[in-house]
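Taken together, the values in this text are just the output of simple stated rules run on the coordinates, not laboratory data. All values derive from a computational prediction rather than experimental measurement. Cβ coordinates were reconstructed from backbone atoms using ideal geometry, including for glycine residues, and neighbour counts include every protein chain displayed.
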Amino acid sequence: MKNLLTALSLLFATSTLVAQEIPSTNLKTLDGQSINIQDAISDEGPTVISFWATWCKPCIKELTAFMDYAIDLEEEVGAKVLAVSIDDSRNSARIAPMVQGQGWEYTVLLDENQDLKRNLGIVNVPFTLVLNKEGEVVWKHSGYSPGDEEELAEVVEEVAAGYDPSH
Amino acid sequence: MKRLLLFTWVIFSAIGSFAQEQNTFGGQLHGNFQLDGQLYLRDESIDPTGEFYPDERFLGQGYANFVYSDGNFSSGLRYENYQNVMLGFPEGYRGEGITYRYLKFKQDGLDITIGNFYEQFGTGMVFRSYEERGLGYDNAMDGVRIKVNPVSGLSLKAVMGRQRFYFEKSPGLLRGIDAEYNLSKELFPKLDSAGLRWTVGGSYMSKYQRANDPFLVLPENVAAGGVRTQVSKGPWAMQIEYAYKANDPSADNGYIYKDGNGILTNVSYSKNGLGIIAGVKRIDNMSFRTDRNGSTIDMLVNYLSPTAQVHTYALPALYQYATQINGEEGIQLEANYKFKRNTALGGKYGMLLSINYSVVQSIDKDYVDPALDTLRTLQGYYSDPLIRGDIPYFHDFNITLSKKINTKLKLNAMYLNLFYNRSVLEDGLGDESILLNPDGQKLMSGDIFIVESLYKVRRKHYLRTEFQHLSTRDDRGSMAMALAEYSIAPHWFFSVQDIYNYGNPDEAQRLHYPLASVVYTSGTSRFQLSYGRQQRGIFCVGGVCRVVPPSNGVSFSLTSSF
C-alpha cells in the first residue's frame, strides 16, 4: 500500500511539470467515421470540449445556454466547440435528431465506449475543458449551474487573448 | 500484493522513461476521486419497523481513478473503498482494494490492453462491458484485448477474460471477436459521391462455464453472435442490429434450452431544426451472464438498452422503465423541432418542441404443457414474432415545450402520460405467473404536469424553480412537488425541495419529503451537502435499475478530478 501511495504521489509530482494535453483517442463522427480527437482540436484558436449525454439534463441546458455565446466566440476569436457525447452506441442513434431538434451548431463527436472520458479522468457529465491553440488544457469545469456559461465565455475570451485562466 | 508491486514497478519505469524524455513525449496523468457518505437518522414515519435503518448509522464509500498516458503507452488503476456500502447499492461491495488496473500500448498497428478494460460490440446486444458508478454496476473485463485496423475502414477487436463480480471474478470465461467495416471512400468512390455512408459489422462471443448438475446436461460453452449495419444519406440514417444466442439454461429463463434472439432497428431524419427518430425492438430470451445462476445486475455479458426515454425530473423518474431481458417488444418515437426565431410560434428567441412516445409489452409466448415434462424443460415456450404479447409493461407519452420569454426568463413545460406495470417492473414477476392470474397485476397509470422556470436575477445569479404534479389513484397515489434552486456562478448552488405525497391511500403515509442541499464547485472539484428525506424508489441508468430504500439523514459527496 505504501509503495502504491509513493508511486501515486510521484506521479502527481511529475505530471505537474508538463501542461496537460488531450490523449490521442479515437472518436466517431455523427455519420460513423472514425476521427482522432487530436485532429478535431483547433490550432488557430481556443477549443472548448464539452462532454454531454442525451439523458443528461444539465448537459443539454449548458449546451443550449452556451449556443448564443458560441456563435459570437466563433466569429470574434475563432473558438471551436466540440460537443462530445458519451452516450452508448444504442443511444447514439438519437443524437443527430436531438442536436438538430435543439438547433445546436456544434461539432458533435461520439465517445461510445467512454475511452476519452476515462483517459481524461472525468467522473460525471457535464464536464467542460478549454484548450489554448497549442492544444494545452488551460481550464476545466465539472457540473453545470445556470450562469456557468457566462464564466465559460469569459474564459474562452481570455484564452484567445493569450492569458492562462488557471493562474 | 505481489501483483500490486509489479504494477507499481511498471508505473515507476514508465515515469522513469517519461522523466528522461519529457521534452519529446510529455506524459499525461489524469485522475478523479469521489467520496460519498451518509449519516442515517431513524425516521419512524418512512420506515416504521426500522428494516432499512443500517446498524452502522454512518455509511461511506469512495474511489479514485488514475490514468497515465504517454504517447503509445497508457496505464491506469482504480482503488475502491466501502465502509460499508451505502443503502441501495449491491451488498457485494464490501471492503476495499484495487479493482481495476491495466497496461495498454500501441505497436505496429496493434492496440493491446492487458488487465482490465471496458469494451462493447455494436450496441452491446452480444457484449458490453461497462461501469455505471451511480448504479454500482461494473462488469469490467480482466484479460486481454487486441484491436487492429488491417486496412482502411476495417476495425477488428478480440477480447478474452473474466468479468468483475464485486471483489471477485465471474466463474465463466469470455472469448469474443468483432469486426466493423466502414465502406471507405477509396474502395467505393461511387458510394461517397452519392453521399452514402455505410458501415457493416458482426460479432461473436463465447462463454465457458463448467457445469456439474445432477439432473440437467448443461451446455458449458454458449455462443452468441450478432450482425449490424448502419446506413446514412443526407438527413436520413438507419441502423439495424440482430443478435442470436445459443441455448443457455439459466436462473433467468428457468433453465430452459430455448435459444434467444433480439432485433433492434432505428430510422431517423434530422435537418434544419427538425429531428425525428423511430425505433423498434424485440428481444426473446436474451439474458446472457458469465454465471448461469446469476441474478439482478451481476455478471451480465450483454446490454439490452431500454426502448424508453430516460427522465431526469423527479416524479417521472419514480417510474422508470427497466429492460426485461427475458423478453419484450417495444417501439419508440421521438421528435424534436425548433420553431425558428421571429415566427408566430417561435417569437423573438424561437421555441423547442419535443414529443416522445414509447410503449413496451411482453412477447407472445405459447407455453409447453407442463405435462410434457422433457419437452417443457427443453423449450419452455414457443414465440411468434408476428403476434403481439398480451401483457402491457409500460408506456410513456410526453410533450415538452421550452421557450425563452425574454432576456431574463426561460420556461419549460411538460405533460406526461404514464403506464407502469409494477408486477413486472418492481416485483419481477414472470409472464407465466401473470397470465395465470391477470387480475392480480399491480398496475399504475397517471398523468404528470411539470412547469420549470429559469430566471436571471442578475449577472451570474439565477433562480430556477420546478413545480411537478402526479395524479394517480394507483400505488402511492398523487404527489405534488416544488423545488427552488439559487445558483451563483461559478461557485455556489443552493437547493430546497419538497415532495408531498398527499394522495397516498394509506393516510399515515401522506408524508412530506423535504430535501435541502448546498453545493460548492471550484473548477473540477465539487462538494455537496444535503439533508432530508428520500422516498423509496428505483434508480435507473440506461434501463438497468436498482431499488433505493427510503432514508432520512445528512449526506455529503465530494468529487474531484485532475
Next item on the list: Report, in whole Å, the centroid distance computed from the Cα atoms of region B:55-72 and region B:250-303.
Entry: 30 Å
Next item on the list: Assuming a ≥ b ≥ c are the square roots of the Cα gyration tensor eigenvalues, decide whether region B:99-138 counts as rounded (a/c under 1.5), prolate (otherwise, with a/b larger than b/c) or oblate.
Entry: oblate
Next item on the list: Starting at the first residue of region A:61-77, write each ³J(HN,Hα) from the Karplus equation 6.51 cos²θ - 1.76 cosθ + 1.60 with θ = phi - 60°, in whole Hz, x for Gly and Pro.
Entry: 4, 4, 5, 5, 5, 7, 3, 4, 6, 4, 4, 5, 5, 5, 5, 7, 10
Item checked: For region B:306-562: span of alpha carbons on each principal axis (Å, largest first) -> 74, 49, 46
Notebook entry, point to check: Among all stretches of chain A without exposed GluC sites (Glu not before Pro) (DSSP loop, at most 16 other Cβ atoms within 10 Å), which one is longest?
Noted result: A:45-104
Check: PRE reach from B:D498 (point 7 Å along Cα→Cβ): which of region B:38-61 fall under 18 Å by backbone N?
Finding: B:45-46
Notebook entry, point to check: Across region B:375-527, how many lysine pairs, 8 or more apart or on two chains, come within less than 22 Å at their alpha-carbon atoms?
Noted result: 8
Next item on the list: DSSP loop (so not H, G, I, E, B), at most 14 other Cβ within 10 Å: list which GluC sites (Glu not before Pro) in region B:181-252 pass both filters.
Entry: B:E186, B:E220
Checklist line | Global geometry of the protein assembly as shown, whether rounded, prolate or oblate, following the gyration tensor of its Cα atoms and the 1.5 cut on a/c | finding: rounded
Notebook entry, point to check: Which whole-percent values make up P(r) of region B:457-525 when all C-alpha to C-alpha distances are grouped in 10 Å steps starting at zero?
Noted result: 19, 36, 24, 16, 5
Next item on the list: Specify which residue in the list B:L183, B:S362, B:G76 is farthest towards the positive end of the charge dipole of the protein assembly as shown, using unit charges on the beta carbon of Lys, Arg (+1) and Asp, Glu (-1), about the Cα centre.
Entry: B:L183
Item checked: Mean Cβ count within 10 Å, highest first, over the residues of peptides B:278-288, B:417-427 -> B:278-288, B:417-427
Item checked: HN-Hα J in Hz across region B:142-153 - Karplus 6.51, -1.76, 1.60, θ = phi - 60°, x for Gly and Pro -> 10, x, 10, 10, 10, 10, 8, 10, x, 10, 3, x
Note to self: I want to check a number: in chain A, how many lysine pairs have alpha carbons closer than 16 Å, given a sequence separation of 8 or more or different chains?
What the structure shows: 4
Notebook entry, point to check: Where in region B:464-497 does the amide nitrogen come within less than 20 Å of the point 7 Å from the Cα of B:R458, taken along Cα to Cβ?
Noted result: B:464, B:485-494
Note to self: Can you return the aspartates and glutamates within cross-link range of B:K185? Criterion is Cα-Cα under 17 Å, with same-chain partners fewer than 8 residues away left out.
What the structure shows: A:D31
Next item on the list: Collect residues whose amide H, placed 1.01 Å from N in the peptide plane, falls under 5 Å from the amide H of B:N139; neighbours closer than 5 in sequence don't count.
Entry: B:Y130
Item checked: Residue-averaged beta-carbon neighbours from other chains (10 angstrom radius) around B:490-497 -> 3
Note to self: Using a 10 Å cut-off around each Cβ of peptide A:113-125, what is the average number of partner chain Cβ atoms that fall inside?
What the structure shows: 6
Notebook entry, point to check: Put a dot 7 Å past each Cα toward the Cβ at B:V151 and B:H469; how far apart are the dots in nm?
Noted result: 6.5 nm
Margin query: Expected output is a single nm value to one decimal: the length gained when fully extending between B:S45 and B:V217, i.e. 0.36 nm times separation in residues minus the C-alpha distance. What is it?
Written below: 56.8 nm
Margin query: Need the list of lysines near B:K281 for cross-linking: C-alpha distance under 21 angstrom, and skip anything on the same chain fewer than eight residues off.
Written below: B:K245, B:K258, B:K365
Note to self: Need the list of aspartates and glutamates near B:K104 for cross-linking: C-alpha distance under 12 angstrom, and skip anything on the same chain fewer than eight residues off.
What the structure shows: B:D70
Notebook entry, point to check: How far apart, in nm, are two points set 7 Å out from the Cα along the Cα-to-Cβ line at B:L196 and at B:R94?
Noted result: 5.9 nm
Next item on the list: Mind checking A:53-59 for the average number of partner chain beta-carbons within 10 Å of each residue's beta-carbon?
Entry: 3
Checklist line | Whether chain A is rounded, prolate or oblate, judged on the alpha carbon gyration tensor where a/c under 1.5 counts as rounded | finding: oblate
Note to self: Let me check I've understood the local charge: for A:P146, count other residues with C-beta under 15 angstrom from its C-beta, Lys and Arg +1, Asp and Glu -1. What total comes out?
What the structure shows: +1
Next item on the list: Please report Rg over Rh for chain B, where both radii come from the alpha carbon positions and Rh follows the Kirkwood definition.
Entry: 0.97
Margin query: Could you give each residue of region B:426-431 its phi-based ³J(HN,Hα) in whole Hz, using Karplus coefficients 6.51, -1.76, 1.60 with θ = phi - 60°, and x for Gly or Pro?
Written below: 9, 8, x, 5, x, 4
Next item on the list: Please provide three numbers in whole Å: the alpha-carbon extents of region B:68-112 along the principal axes, with the largest listed first.
Entry: 47, 15, 12
Notebook entry, point to check: Counting other Cβ atoms within 10 Å, which trypsin sites (Lys or Arg not before Pro) in region B:152-255 have at most 13 and lie in a DSSP loop?
Noted result: B:R210
Note to self: List the residues, sorted by chain then number, that are 5 or more residues from B:Y255 or on another chain and whose placed amide H is less than 5 Å from its amide H.
What the structure shows: B:S250
Checklist line | Amide H contacts of B:F493 (H built 1.01 Å from N, under 5 Å, at least 5 apart or other chain) | finding: B:I488, B:V519
